[in-house]
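Participant: The structure under discussion is supplied below as structure tokens; questions concerning it will follow.
Read-outs throughout are calculated quantities, based only on the coordinates presented, and are distinct from any laboratory measurement. This one's a predicted model, so the numbers in the text were calculated from it and none came from an experiment. In this analysis, Cβ positions are derived from the backbone assuming ideal geometry, glycine residues included, and neighbour counts consider all displayed protein chains.
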Amino acid sequence: MGSFFSFRKKSKETIELDLNSIPKHIAIIMDGNGRWAKEKKLPRTFGHKAGVETIRDIVKECSRIGVKYLTLYAFSTENWKRPSEEVNTLMNLLVEYLKKEVNELNKENVVVNNIGDTSKLPKICQLELNNAFELTKNNSGLVLNLALNYGGRNEIIYSIKEIAQKIKEGKLDVEDIEESTINQHLYTANMPDPDIIIRTAGEQRLSNFLLWQCAYSEFWYTDVKWPDFKKQDLQKAIYDYQNRDRRYGGIK
Ligand code: FPP
């Protein structure tokens, strides 16, 4: 395989992805499941079910093109406010997805990981997650990072508490706190910051996702709702990313 990958845009114009500059870390706010279902006069939960199919395809595609980290915003700290029926459906879908997919993910060399406070999830979710972590922990391919009961502010509080505890125990000096100290105490410790954050379904906000880590992420929005998001949409996002000029506050 060469270092470029061609695909066709809607206009029939062929564009090429540079396989040497695939983003290392892609983070996705998978939005629009409810609206997708509503449009089809279906209950919202059908939108989430359809959303799981998209997860399957996007994980495959990220693996194939050599993305190293894929972080999916699956359940936020604010999503508990939804009706309990919807929360239950989401938890059941997580369990079903892990049960059904874990062997395939393992075959694809994917490492299943999570960010967020999973101790508040139903025990069955914790059990399936632990099975998946255990089975895939020695793989060396894509890290599939499921953001579950995740909130960016919550994560920063968590990191502050960990750091404060170390100071209290005399293991860390206040004067030695720097950016890397915070990084190392976030759920994403040892992972690179997201290169690109994708949000589907038209909203242009971050919704408490990766607040610390997004300092220099590129943002990409699409009106396409998550259940309709295809690998071609992902390729468009990556193509766009590859044609941006990342200066990190400097000049070129
Ligand atoms: C946003 O759509 C989506 C979510 C809050 C949950 C995303 C979850 C899945 C795709 C499936 C379950 C996850 C796994 C990992 C198996 P929304 O409901 O906010 O849509 P709306 O804005 O149109 O109402």
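Participant: Suppose the filter is free of Cβ contacts under 8 Å to residues at least 60 places away in the same chain, within 13 Å of the ligand (Cβ to nearest atom) and of a type in the set (S, T, N, Q); does residue 136 pass it? Walk me through how you get there before you give the answer.
Facilitator: Numbers: free of Cβ contacts under 8 Å to residues at least 60 places away in the same chain: yes; within 13 Å of the ligand (Cβ to nearest atom): no; of a type in the set (S, T, N, Q): yes.
Considered against the rule, which asks whether it is free of Cβ contacts under 8 Å to residues at least 60 places away in the same chain, within 13 Å of the ligand (Cβ to nearest atom) and of a type in the set (S, T, N, Q), residue 136 comes out as no.
Participant: Let me ask another. Of the conditions (1) within 14 Å of the ligand (Cβ to nearest atom); (2) crowded, with 20+ Cβ neighbours inside 10 Å; (3) among the aromatic types (Phe, Trp, Tyr), residue 69 fails just one. Which one is it?
Facilitator: (1)
Participant: Please identify the pairs in which a residue from segment 90-107 that is free of Cβ contacts under 8 Å to residues at least 40 places away in the same chain has its Cβ atom under 6 Å from the Cβ atom of a residue that is outside any helix (DSSP H, G or I) and more than 12 Å from the ligand (Cβ to nearest atom), counting only partners at least 6 apart or on another chain.
Facilitator: 91/122
Participant: What helices (runs of 4 or more DSSP H) completely inside segment 146-250 contain at least 1 residues that are among the hydrophobic types (A, V, I, L, M, F, W, C) and either within 16 Å of the ligand (Cβ to nearest atom) or in contact (Cβ under 8 Å) with a residue 40 or more places away in the chain (or both)? Quick ask: steps written out before the conclusion?
Facilitator: Values: elements: 152-168, 179-184, 231-242.
So the answer is 152-168, 231-242.
Participant: Another question, then. Assuming residue 58 fulfils every condition listed in (1) crowded, with 20+ Cβ neighbours inside 10 Å; (2) hydrophobic (A, V, I, L, M, F, W, C); (3) free of Cβ contacts under 8 Å to residues at least 24 places away in the same chain apart from one, which condition is it?
Facilitator: (3)
Participant: Considering segment 29-53 alone, what residues qualify as being more than 7 Å from the ligand (Cβ to nearest atom), under 24 Å from residue 194 (Cβ atoms) and surrounded by 18 or more Cβ atoms within 10 Å (Cβ to Cβ)?
Facilitator: Across segment 29-53, the qualifying residue is only 29.
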